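Since the structure comes first, as structure tokens, the remarks are kept for the end.
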Amino acid sequence: MSAVPERIRRVPVLNAANALTVARIALVPLFVVFVVASDMTDRWWRIAAALTFGVASITDFVDGWIARRFGLITSFGKVADPIADKALTGSALILLSIYDQLPWWVTLTVLIREWGITALRFWVLRYGVIAASRGGKLKTVLQIVAIAWYLWPFPPGLAAVGPWLMGAALVVTVVTGLDYVVTAYRLRRSARASRS
């Protein structure tokens, strides 16, 4: 007697994980409005911007946990999640540079790395998936903490910690970026070797 094949579970696009991802995308323009309203000088608007950024950043960790814990991984989530992340951190870095809080070369270095690695992941997708490394997760945490530190209206003594946090985030960003490039090259090379 042949075994009945297990029914394939279809994951609905409308689920809690994807809802949080969409919420994060929706928070980006609100965050931008708060930063512009603050002109990076008004204390309360800066607090509003920092809190909005913090809430949006937390959804990044929560939606990933929900998706993995409850098997709610979808093609939409795989594409929308990194886009939401880059939109949030990218807009924050650009705004910090516009308001002379952060050197443009730092912003451009991070943006080139982030979008470059995202493009690299899509490029090697047919050969395999480049999973987020521990270094990549540390990079994300450091970027979030550094950006939030710049946004919050700390007194000068505490505000001086911001560049050190961003420096650490920048180093980890570049190092992990190079690591992803090497991983992608090896993945593609091994996939081609197995086909030949």
For Leu138 and Val62, extending 7 Å from Cα along the Cα-Cβ vector and measuring point to point gives, in nm, a value of 2.8 nm
Ordering Ile66, Ile98 by the accessible surface of their heavy atoms, 1.4 Å probe, largest first, yields Ile98, Ile66
With a Förster distance of 25 angstrom and the Cβ-Cβ distance between Ser190 and Trp105, calculated FRET efficiency to the nearest 0.05 equals 0.10
Among Lys139, Lys78, Lys86, the residue with the largest mean-square fluctuation in a Gaussian network model of the chain built from Cα contacts under 10 Å is Lys78
Under the helix-only model (-39500 (n - 2.57) for each DSSP H run of 4 or more, divided by the residues of the chain), the mean residue ellipticity at 222 nm, to 500 deg cm²/dmol, is -27000 deg cm²/dmol
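Order 68-77, 164-173 from most to least packed using the mean count of other Cβ atoms within 10 Å.
Sorting 68-77, 164-173 by mean packing, highest first, produces 164-173, 68-77.
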For Arg69 and Trp123, extending 7 Å from Cα along the Cα-Cβ vector and measuring point to point gives, in nm, a value of 3.6 nm
Whole-percent carbon and sulfur contribution to the accessible surface of the chain (1.4 Å, no ligands, DNA or RNA) stands at 70 percent
Relative to the chain, whose Cα atoms define the longest principal axis, helix 43-69 and its Cα axis are tilted in degrees, nearest 10, by 10 degrees
Ranked by GNM mean-square fluctuation in the chain (Cα springs under 10 Å), the top entry among Trp123, Trp149, Trp45 is Trp123
Of the convex hull enclosing the alpha-carbon atoms of segment 93-196, the direction-averaged projected area in nm² is 6.8 nm²
So, over other residues within a Cβ distance under 13 Å of Leu88, counting Lys, Arg +1 and Asp, Glu -1, the net charge is -3
So the angle from the long Cα axis of helix 16-38 to the longest Cα principal axis of the chain, reported in degrees to the nearest 10, equals 20 degrees
Between the Cα axis of helix 161-195 and the main Cα principal axis of the chain, the angle (0 to 90°, nearest 10) is 20 degrees
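The values are calculated or read from the model by the stated rules, or taken from the named source; none is laboratory data. Bear in mind the structure is a predicted one, so any value in this text is a computation, not a measurement. Reconstructed Cβ throughout: ideal geometry from the backbone, glycine too, with neighbour counts over all protein chains shown. Calculation scope for accessible area: heavy atoms of the full protein, side chains included, ligands and nucleic acids excluded. Shrake-Rupley method; radii C 1.70, N 1.55, O 1.52, S 1.80 Å.
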